[in-house]
Structures are given as C-alpha cells and as structure tokens.
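The values are calculated or read from the model by the stated rules, or taken from the named source; none is laboratory data. Because the structure is a prediction, the values reported are computed rather than measured. Here the Cβ is made from the backbone with ideal geometry for all residues, glycine too, and neighbour counts use every protein chain on show. Just the protein is used for accessible areas: all its heavy atoms, side chains included, with ligands, DNA and RNA removed. Shrake-Rupley method; radii C 1.70, N 1.55, O 1.52, S 1.80 Å.
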Amino acid sequence: MSETVDVSKGLPAHPERATLEGKNKFVGFWVFLSGEVTMFATFFGTYLGLRNGTAGGPEAADLFHMPLVFIMTMILLTSSLTSVIAITAMKKNQFKKMKLWMWITFFLGVAFLGFEIYEFVEYVHYGLGFSTSAFASSFYSLVGLHGAHVVFGLGWVLLLLIRYNRAGITLTNAPKFYMFSLYWHFIDVVWVFIFTVVYLMGIGGG
Amino acid sequence: MADHLSEPFEKSAMTNEEKVKTEREMRIQFIAFAFMIALTFLAFIAVGAEVAPPGFVISFIIFLAFIQLFLQLYYFMHLKDKDHGWANTFMVSGLVLSIPTIVALILIIGVVKY
Amino acid sequence: MVREAAHTLKKSLLWDLLTTVDHKKIAILYLIAGTLFFGKAGLMAILIRIQLMIPENTFVTGQTYNELLSMHGTIMLFLAATPLLFAFMNYFIPLQIGARDVAFPFLNALGFWFFFFGGILLSLSWFFGGAPDAGWTAYVPLSSRDYAGIGLDFYVLGLQISGFGTLISGINFIVTMITMRAPGMTLLRMPLFCWTSFITSMLIVFGFTPLAAGLALLMLDRMFDGQFFLAAAGGNAVIWPHIFWIFGHPEVYILVLPAFGMISEIIPVFSKKRLFGYTAMVFATIVIGFLGFMVWVHHMFTLNLGPITNSIFAILTMLIGVPTGIKIFNWLFTIWGGKLRFTTAMLCASSFVPTFVLGGVTGIMLAMSPVTHLYHDTYFVVAHFHYIILGGIVLGLLGATYYWYPKMFGHCLNETLGKWMFWIFYIGFHLTFFIQHILGLIGMPRRVNVYLADQGWDGMNLISSIGAFMQGVAIILLLINVIYSAKKRPNHPVDDPWDGRALEWATHTPVPEYNFAQVPQVRSLDPLFYEKIHGDGKMKPTEPLGDIHMPNGSFLPFMIALGSFIAGFGLIMKHMDAWINPYIVVVLGLLVMFGSMAVRSWKEDHGYHITKENVEAMEREALADERNR
C-alpha cells in the first residue's frame, strides 16, 4: 500500500498507528486479546467448577498466604504503570526514557515470575502435586497459563530491548513496543482476576 | 518514496496542545494507578478482616476486580480514546461471551457429590 | 504471459509455494490441501457405508470402524471444510473489498502452514498405533488416559496446532476487512460473502480459543495425569462436553455462514437481480453469530443437567430459526421474478435452499428437549447434521467452485459434466441421508459398526450406501471435469464470464499479483454492476498509476509451523517406545518455532516496490490479451 506518512515534522504523535502496518497490528492485536479473554474465561470456569474437588488433598485455605500474593500483585500492578510511562515517553520521542522504563518493567516481571516459581515449589513441598486432585490440576493450569504468558512477554520485551538498543524510536519499532505494553496490561488484568477469584476467594472461603 | 521506516527521529511532531494533553493524560493515569492500589488494599482487607459474611465479601471483591478491569482497559490501555471503536467492539464481545462460559462451568456441571 | 514481476519469476515453483505470502497463492494451497483431506475423509465415509451396507458385515473390525468414524468427522470439519472455505475467503475477500492483499500477508502464510502441519500430525496417527477412536467429540472419560490409545494424543496435538492456524487466519480476515477496504466500500456495501466471512472470523476468534483451552486440558490429562475429568480425584466429566460444545456449536456456524455468503453471491448474479433485503441479511448474520454462542447445551440435553437449563437452551435454539428463516426468504425473493440462468453454480445454490430448510426443520425437532431423548444417538441426528453440512456447506462449496473457478484458473469448468455431477450428487445425497431420518426414528443407533438382520433396517441401509457411492462418483466427475477443462481450455482467459456484480470481476484474469493497478472507487452496493448500468462498465480509479508496495516472501512461516509440528510429535513420543528422550524433541521443536519467530521480529522486512513502469507493462499486456479475445 502506498500510504505516506508525513515525517518532515518529526515523530508523529501516535507513532504506533502512523503507518498502515502499525494500524493493522493495532487492530489485530486487540482482536487477539479479545480471543484471549474467552480462552482465559474457559480456564477460570474450569477452576471455579473444580475448586472444591480436593479429593482429600490440601485445600485452598491451607495453602494460600496473603502476604505473598499481595506482594506479587503490587509488583505486577507497578510494572503495568511503568510500561504506561514508557509508552508515554515513546510518543514524545524520548527514547532513553522509554528504554529505562521498559527495562524496569522487565525486571519487575522477572521478580514476579521468581515469586510465582517460589510459590509453586512451596505448594509442591506441601503436598499439592499437579495430579493430586482436580483442584490442584485446575489451579496449576490456570495460574501456570498466566505464568507462561508472563514468560512469553518477558522474552518478547527482552528481544525488543536488545534489538533496538541503539535504534531510537522508529515507525517500525514503535508498534512493537506498543503491542507489548498492551499485552502486558492484559496480563495484569488477568492477574487481577486471579488474585481475586483464586487467592482471595480461596482464603475467604465461600 | 522516502519511507523513513527504520530511522529514528530528531524531534517529536507533537504540537504544544498535544503535549499538554499527554501531560494531563499521564496525571490521570497516575490517579488511576492510585485507585488500583487502593482497590487492591480494600480487597485484601475485606478478606483478611473476616468481619463480613463470605457471600458478601466475595461479591464485593469481584465487584472491585471489575472496577480494576475497567481502569486497566480504559485508562492504561486507552480504550476510551478515539479510533478504538473496533477494539471496544471485540473486547466487549469477548467479555460478554465469556459470561455464559463461566456461569455454565460453575453452575451446570451436573450433581456434584464431594 | 508475463503477468508477474521479474521478482517472483526467479523462484522455482516449489520454493515459490513454500515461501509465498500472496493471498491468491495461499488460497490455491488451501484449496489443494483441503481437497486432499476431503478426498481422504470421503473415502472413509465410503468405507463406513460399505461396512453398513449389509447386516452383520465383517468388512472392517469394530476398532477400525471407530477409527474411521472418528477420523471422518474430525477431518471433514477441521481439515476439509475449513480450509476449503478459507481458500475462497483468502482469494476473494481482498478482491471483493478492493484491497491489494490481506492485512498480514506473513500471518496468512503462517496460518496455512500451521493448519497443514496440524493436519499432517493428525494423519500420522495411522502409522503409529492407530487413529483416534473416540468420535470427533472425544468425550471423556472415553478419550482420557485410562481408556483411549495413542490416537487421541495425535487428535489433541494435531487439532491444537491446526486450530492455532485457523485462529491466526480468522484474526487476519477481520483486520483485512476493517482496515483494507477500498475508498467508498463502506461496511454496508461489502458483499455478503465478506460479511458472513467477517462474522465467521469473529466466531473463530471466540470459539477456537475455548477449544484451545479444552484441548490443553485434555492434553494435560493424557500426558501429565491432570485430574480434570475423573470423578475419583474430584474431577467432573461434564466439563469437557461443555468446553467442547462451547466451541463446537459456533463451529457449525463458522462453517455454514461462509456457505450462506457464497449462495448470496451466486443467486443474485444468476437471477440478474440485486440481493433481496441486503441489510436484513447482514443483520440476520450477526444475530446468528451471537445466538450461535448461546445454544451449545442442546448437544447435552441427555446429560441430565436439569429441566430449567434444558428449557432455556431449547428456546434459545429455536430462536436461531428466525434469522435463518429471514435468510431463506430473502434468497427465495431474490430468485422470484429474476431472469434465471441455471448454470451448475446456480443449480447448487438454488437446491441448497430447500435442502438446508430440511436440515433446519430437523434441527428444530432436535431442539425440543423433551423429545430429543427419542432421537438422541440415532441415525436421525446423523441425517440432520449431514443435511446441514453436505446440503449446506458442500453444496455451497460446489456452487462456489463452479462460480469462481474461472477467476482463479482462467477458464470455466465444463457445464455438461458439471450438470451430470450436480444431479448425481444431489440424488445420491438425498438417497443416503433422507432414508437415515427414518432409520433413526425406527431406532438404529449411530456409531455402531454392525446390526442384526430382519429389523427392517436392511433395505434402507443398502439404499443409503448406494447413495453414498453416487456421491463418490459425483466427486470423481468433478475431478475429471477439472482435468478435462484444463486440457480443453480456450486460448484466452475469461475476465467476467457470468456478468458479475462484485469487485472480483473487475480485475484481469489471471489476477495480477497486486490485484488492482489502481484502487477502485466504490459507488454502490454491487459496485461493478453499478458501473455497468450507470458508468462505462469499468471501475473508476482513486489514485494515479504509481509504484506498488508488495510484501516479501518468507520461508519463516514454514519453519515456525514445522517447529510446532516437531514439538507436538515430541510430546506424543512420551507414549511411544522411543530411542530418544521425548523432551529433547520437544525442546528442539520449540527452539525452531520460537527461534524463527525471533528471527522474524529481528529482521526488519519492509517489502519491495513494483515500479510504475512494470505495472504499466503488465497492464498493457493484460489489455492486449483482452483485445485479442
């Protein structure tokens, strides 16, 4: 397509949607995220349907500890904010600032992942293996799927940060960073429901 | 055709007006973030305090989660901005179609005897 | 004919097909792959009917029968109908909306290769200890680790991979229709085929993701001892049918809506009238799409989920009859008073209408939850869904094949052979399946490989089998027609053989790789027909002739899909006596897959330009061709 972007005045105010390719990616990524909604809904539904099927194994109330979940939630929420700051910097053509905040987002994500691995290891020590009960299987697959999304996101942003370490903000990489930030917010949204539906409801009974 | 796809830019093409708007938006996003933290605290306290009956607490924290969903989607992910019509259409469709899925998997899975 | 830029000519044919990102070539790939899978699954159907032709037949064993039956259903729905529809969607959506390509040419190729490797993985099951044998629905616990063999592993991973491809293509079509429409092509000027494809793609996005989740659960159950479905460990077997049908019912509409779209393209052209009630048709499509997600429990009426649940879903199911009825009447009113030409395409399209009504009526019968216990698991159900799928989707596909063949390959199919094919197919189809309604009502159960003589079933089963053979003959006639027409092809391709209405007939045949030298200005619904009446029969351009930007071909889609195939096969090797640790294979596959993705992300690929001079040369050549005719 022979679309032309006016580049004489500098970086367009919405660099992520300035080209047709960027616009396509933008719409397509939202469509993809909406599909992810129904996929996560299926996992949530499975967990909620099976969460009382403990088959004599450990129960939610025995396992979950509020402080750990609280710290993980705070980390992930903060990483959501840092990626917002990074994207705002991107729109203003402040490459160094964007890079800095993206790296912070990355390390917060790593910290979150570390806590999640620690948590899983603890549960396994406590006697909740993957095939202990229906509760265990559905818990690990729901939270594990979220964890897998985090891993993919971290790999993604790491690749982008290394690839574009010196590139500055261009019409090609702006959509990529923007899509990553959408993805990261989406992971955060899913986590909000996980800490509510899985952890808090598990601790609070019901 | 000067495509200028892989080269960085010297400056931003933002007008002053757009800059002011971006600043304001940033402030709103910080406020949204403060709200999210507060909502999270509230949810944890609601469960930790163990003063209200579980049925009420659960509906309350799920309500809080939906407010957070709204804040994330509309402020952090910019769904409220213009040119997001299709994004809204698909996100709302996905959320609406998720409801029967979740409800069915909780409520109509036969007689459960534990 | 040098209709392609020098750029693509340097490649060999095979390398071109492996690396192409051109939506037209990918469509041909889909068409070939879909036809092969269709032939395979059709052959299985013939084998099934041979087994059932006479009572107490010993043609195949019970196990083989189960495998044939499961693979027939699985392949027909996932690997035959879907790609055949995708072939036409891929080819004609960009042409009908006046675009030069789809929104994501790379993802388009990726979607095809995922589908292809998923299909290959599923088909490999025959060579590694037997195909899946739990029906296409793979109900637990029959399909769980305790009861089903390695075939189900192939089912789970093959469908996971091919489903991923379908999802990618669905997203691609949606974005194409949102952002790539030509100037003047408003949403309510899009041809109905585009509209139904759009809704189908939405259903794919919201339907295939639950399927991915469900298949992941079944995989975890089979490979890693997950406890989702087994009651002993607190699981619940009803979870699977829910998830499967939350996907599975929309899947029916995923397949039938594009067929509706094809019918809505063919009938106006051969009636020489505009489609009656276009807006109502669009609205009905959207309503069908929405309701399609709200009715899945009607597949589970006999699971004892309670009278209230059953009543709600029974009513919702019957509601779908309303928008479908709107469509039926609109087709009838389009034909009414038209200047009819009964070509093969029109024969298929018009006979689709009564056949589909029959399938719809039995659908309403099945939706009545109190009586459904009588029909459940009998041949009545088999008859019902074959009326929808064969009488709906396959007739639509056959019609579309005859209708669009000249645009895709430059020459028409032979009409005499076509009409023979149609009548043999149509009579054979009704012989096979109409009688199965009665067989079901007098009690013959489905999915059973033998039956005793003298229950009043013998004669009807024989007739049914004869009908199936006739359908087989008809499909062979179609293949003969393809070869015959290719040999007899006229020297000059035909641009617009049917006096078409939509934009795809406004390009040259064969379609140049950039589709439109100048993006056309759309002034009305049925844009080409509008120009034929109100203009000079040619579309008005919206831009001066200039350089045209094209995407580069890439081998990476093939590599990414190959990686997923290796990883999937590695997981299945957990259940084989392999000489190599399966996890090594899995990791290798994942490395290939994610490595190729990283390469794609790392290498910035901005495509290339066909220069204005080349475009002009190609256009001149096409025009000279036209004048020679």
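Numbers for the structure displayed
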{"item": "With DNA, RNA and ligands ignored, accessible area of residue C:484 (1.4 Å probe; Å², nearest 10)", "result": "90 Å²"}
{"item": "The protein assembly as shown - charge dipole about Cα centre, Lys and Arg +1 at Cβ, Asp and Glu -1, debye rounded to 20", "result": "1620 debye"}
{"item": "Out-of-range pairs (alpha-carbon distance over 32 Å; input A:25/A:99; C:540/C:603; A:9/C:538; C:488/C:612)", "result": "C:540/C:603; A:9/C:538; C:488/C:612"}
{"item": "Percent of Cα-Cα distances greater than 17 Å, calculated over region C:386-485", "result": "57 percent"}
{"item": "Value in Å of the Kirkwood radius, where region A:36-93 supplies the Cα pairs that are averaged", "result": "14.8 Å"}
{"item": "Principal-axis tilt of helix C:239-271 within chain C, Cα atoms, nearest 10 degrees", "result": "40 degrees"}
{"item": "Rg and Dmax [Cα atoms of the protein assembly as shown; Å; Rg one decimal, Dmax integer]", "result": "28.4, 89"}
{"item": "Span from the region C:26-44 Cα centroid across to the region C:84-113 one, whole angstrom", "result": "18 Å"}
{"item": "Unit Cα scatterers, Debye sum, region B:16-91: log10 I(q)/I(0) for q = 0.11, 0.13, 0.17 Å⁻¹", "result": "-0.40, -0.53, -0.75"}
{"item": "Radius ratio Rg over Rh of region C:376-445, counting only Cα atoms, Kirkwood formula for Rh", "result": "1.16"}
{"item": "Solvent-accessible area of residue C:565 with every protein chain in place, 1.4 Å probe, in Å² to the nearest 10", "result": "30 Å²"}
{"item": "Average Cα contact separation per residue, region B:16-91, under 8 Å, 6 or more apart, as relative contact order %", "result": "29 percent"}
{"item": "Signed unit charges on C-beta, dipole axis of the protein assembly as shown, positive-most listed residue B:104, A:177, C:335", "result": "C:335"}
{"item": "Gyration tensor (Cα) of chain C, equivalent ellipsoid semi-axes in angstrom", "result": "40, 31, 23"}
{"item": "Residue order for C:487, A:92, C:24, A:9 - accessible surface, 1.4 angstrom probe, largest first", "result": "C:487, A:9, A:92, C:24"}
{"item": "Relative contact order [Cα under 8 Å, 6+ residues apart], region C:511-629, whole percent", "result": "28 percent"}
{"item": "Lys, Arg +1 and Asp, Glu -1 on Cβ, resulting dipole of region C:48-164 about Cα centre, debye, nearest 20", "result": "280 debye"}
{"item": "Hydrodynamic radius (Kirkwood) for region C:500-629, which is based on Cα pairs only, to one decimal in Å", "result": "19.0 Å"}
{"item": "Folded to 0 to 90 degrees: helix C:379-388 orientation relative to chain C principal axis, Cα", "result": "10 degrees"}
{"item": "Rounded to the nearest 20 debye, dipole of region B:16-91 from Cβ charges on Lys, Arg, Asp, Glu", "result": "80 debye"}
{"item": "Phi to ³J(HN,Hα) by Karplus 6.51 cos²θ - 1.76 cosθ + 1.60 over region C:282-289, Hz, x for Gly, Pro", "result": "4, 4, 4, 4, 5, 5, 4, x"}
{"item": "Cα pair distances exceeding 25 angstrom across chain A, given as percent", "result": "44 percent"}
{"item": "Solvent-accessible area per residue for region B:16-91 (1.4 angstrom probe, square angstrom)", "result": "55 Å²"}
{"item": "Rg over Rh [alpha-carbon atoms, Kirkwood Rh] for region C:306-439", "result": "1.06"}
{"item": "Estimated D of region C:522-574 in µm² per second, where Rh is the Kirkwood radius over Cα pairs and Stokes-Einstein applies at 25 °C, 0.890 mPa s", "result": "153 µm²/s"}
{"item": "Residue C:470 - accessible surface, heavy atoms, 1.4 Å probe, Å² rounded to 10", "result": "50 Å²"}
{"item": "Residue (of A:108, A:194, A:73) at the positive-pole extreme of chain A, dipole from beta-carbon charges", "result": "A:108"}
{"item": "Share of carbon and sulfur in the accessible heavy-atom surface of region B:50-97 [1.4 Å probe, %]", "result": "73 percent"}
{"item": "Cβ-based charge dipole, region C:195-330, positive-most Cα from C:228, C:294, C:244", "result": "C:294"}
{"item": "Theoretical ellipticity at 222 nm over chain A - DSSP helices of four or more residues, -39500 (n - 2.57) apiece, nearest 500", "result": "-24500 deg cm²/dmol"}
{"item": "Euclidean distance between Cα centres, region C:219-265 to region A:30-92, Å", "result": "24 Å"}
{"item": "Rounded, prolate or oblate (a/c below 1.5 giving rounded, otherwise prolate when a/b exceeds b/c) for region C:568-618 by Cα gyration tensor", "result": "prolate"}
{"item": "Hz values of 3J(HN,Hα) by residue in region C:334-350 - Karplus curve (6.51, -1.76, 1.60), Gly and Pro given as x", "result": "5, 5, 3, x, x, 8, 7, 10, 8, 6, 4, 4, 5, 4, 4, 5, 6"}
{"item": "Accessible area that becomes buried as A packs against C, both chains, 1.4 Å probe, Å², nearest 100", "result": "3100 Å²"}
{"item": "Chain A: angle of helix A:95-126 to the longest principal axis, Cα-based, in degrees nearest 10", "result": "10 degrees"}
{"item": "Using θ = phi - 60° and Karplus 6.51 cos²θ - 1.76 cosθ + 1.60, couplings along region C:12-19 (whole Hz; Gly, Pro as x)", "result": "6, 4, 5, 4, 4, 5, 5, 10"}
{"item": "Ellipticity estimate at 222 nm from DSSP helix runs (n ≥ 4, -39,500 (n - 2.57)) divided over chain C, nearest 500", "result": "-22000 deg cm²/dmol"}
{"item": "Cα-Cα pairs of region C:101-247 separated by more than 21 Å (percent)", "result": "51 percent"}
{"item": "Alpha-carbon Debye profile of region C:179-283, log10 I(q)/I(0) at 0.15, 0.21 Å⁻¹", "result": "-0.72, -1.06"}
{"item": "Per-residue mean of C-beta atoms belonging to partner chains within 10 Å, peptide A:183-196", "result": "5"}
{"item": "Relative contact order of chain C, pairs being alpha-carbon contacts under 8 Å that are 6 or more residues apart, as %", "result": "17 percent"}
{"item": "Between region C:474-534 and region A:143-195, the Cα center-to-center distance that results, in Å", "result": "44 Å"}
